[in-house]
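**Student:** The following block contains the structure, expressed as structure tokens.
The values are calculated or read from the model by the stated rules, or taken from the named source; none is laboratory data. In this text, all values refer to a predicted model and were calculated from it rather than measured experimentally. Every residue, glycine as well, gets a Cβ built from its backbone with ideal geometry; the counts of neighbours run over all protein chains shown.
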Amino acid sequence: MTNAPRIKVVVLGSSKVGKSAVVVRYLTKRYIGEYSSTSDFLYRHNVTFDNVTTEVEILDTSKCAKNGCLYEHIRWGEAFIIVYSVVDKHSFHEAQEILNQLVKLKLPSYYTSLLLGNKRDLDHSRQICVDDGEELSLQYGCQFYEVSAAENFAGVSLAFQSVLREARSVQLLR
Ligand code: GDP
Ligand code: MG
């Protein structure tokens, strides 16, 4: 008997960009607003693509990127969602740092990555325009979406499905 396929997804990014909000939105369709951020949280659920059911593990990380956890998270995962907030320039720079670390630690292995700009509902206070996000994603060869966990389920769901589908395809090719 073969093991059921499994995809390990890690959600990374600066603190307060909405990592927990997007994960909870994707998994429950709901937006709650406030989330505890003291520790990492691992969620498990099943997705079915093309009649194949895959177990997905989603690691919602908390703010330990500065004390060595980033290395462990990157080693553990095979698909990465790097979140920044479109109203926080610093978080965009941190997203770039994380993309750099992925290149350093993961290549030449194949991995799936998605750059996710969150909080697009706060358009009036934007510090990062769509073009900046797109350009960064092209530079690192990752997928790119802008979403609002607060306002909209569809965009978040589309982004997750897209990264999961790519990760699944890569597994099938192995
Ligand atoms: P994390 O530290 O990256 O996990 O961020 P959280 O998910 O805890 O969210 C941080 C704060 O941003 C919370 O107050 C959320 O309510 C808020 N937030 C998250 N997503 C959005 C969004 O799409 N729009 C707005 N306006 N606020 C959001
Ligand atoms: Mg959190």
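**Student:** Could you count how many residues in segment 36-73 are within 12 Å of ligand 1 (Cβ to nearest atom) and loosely packed, with under 11 Cβ neighbours inside 10 Å?
**Tutor:** 3
**Student:** Does segment 103-115 include one or more residues that are modelled with pLDDT of 95 or more, farther than 23 Å from R6 by Cβ and not β-branched (V, I, T)?
**Tutor:** Scanning segment 103-115 turns up at least one residue that is modelled with pLDDT of 95 or more, farther than 23 Å from R6 by Cβ and not β-branched (V, I, T).
**Student:** Filter segment 20-31 down to the residues that are in a loop (DSSP other than H, G, I, E, B) and more than 8 Å from ligand 1 (Cβ to nearest atom) and list them by number.
**Tutor:** Across segment 20-31, the qualifying residues are K29, R30.
**Student:** Which of the following residues is at pLDDT 95 or above, on the phi > 0 side of the Ramachandran plot and of a type outside the set (V, I, T): G68, G18?
**Tutor:** G18
**Student:** Another question, then. Which one of the conditions (1) surrounded by 15 or more Cβ atoms within 10 Å (Cβ to Cβ); (2) farther than 15 Å from V147 by Cα does W76 fail to meet, given that it meets all the rest?
**Tutor:** (1)
**Student:** Inside segment 57-77, can you point out the residues that are out of contact with any Ser or Thr (no Cβ under 7 Å at 6 or more places or on another chain), closer than 20 Å to V163 by Cβ and not β-branched (V, I, T)?
**Tutor:** E57, L59, A65, L70, R75, W76, G77
**Student:** Tell me which residues, restricted to segment 16-32, are within 24 Å of V87 (Cα to Cα), loosely packed, with under 14 Cβ neighbours inside 10 Å and without any contact (Cβ under 8 Å) to a residue 60 or more places away in the chain.
**Tutor:** R30, I32
**Student:** Next question, about the same structure. Quick check, is V17 within 16 Å of ligand 1 (Cβ to nearest atom) and within 19 Å of R174 (Cβ to Cβ)?
**Tutor:** Taking the combined requirement at face value, the residue does not satisfy it.
**Student:** Further, regarding this structure: Would you check which residues across segment 34-64 are touching a helix residue (DSSP H, G or I) at 6+ places or on another chain (Cβ under 7 Å), within 11 Å of ligand 2 (Cβ to nearest atom) and over 12 Å from V10 (Cβ atoms) and list them?
**Tutor:** Y35, S37
**Student:** Go through the residues of segment 145-165 one by one and say whether even a single one is of a type outside the set (A, V, I, L, M), more than 16 Å from V22 (Cβ to Cβ) and either away from ligand 2 (no atom under 16 Å from the Cβ) or loosely packed, with under 14 Cβ neighbours inside 10 Å (or both).
**Tutor:** yes
**Student:** Within segment 95-108, does at least one residue satisfy the condition of being within 16 Å of ligand 2 (Cβ to nearest atom), assigned to a helix (DSSP H, G or I) and touching a residue at least 12 places away in the same chain (Cβ under 8 Å)?
**Tutor:** yes
**Student:** So, one more: For the subset of segment 39-90 comprising residues that are touching a residue at least 40 places away in the same chain (Cβ under 8 Å) and in a helix (DSSP H, G or I), which member is nearest to H124 (Cα to Cα)?
**Tutor:** This residue is H90.
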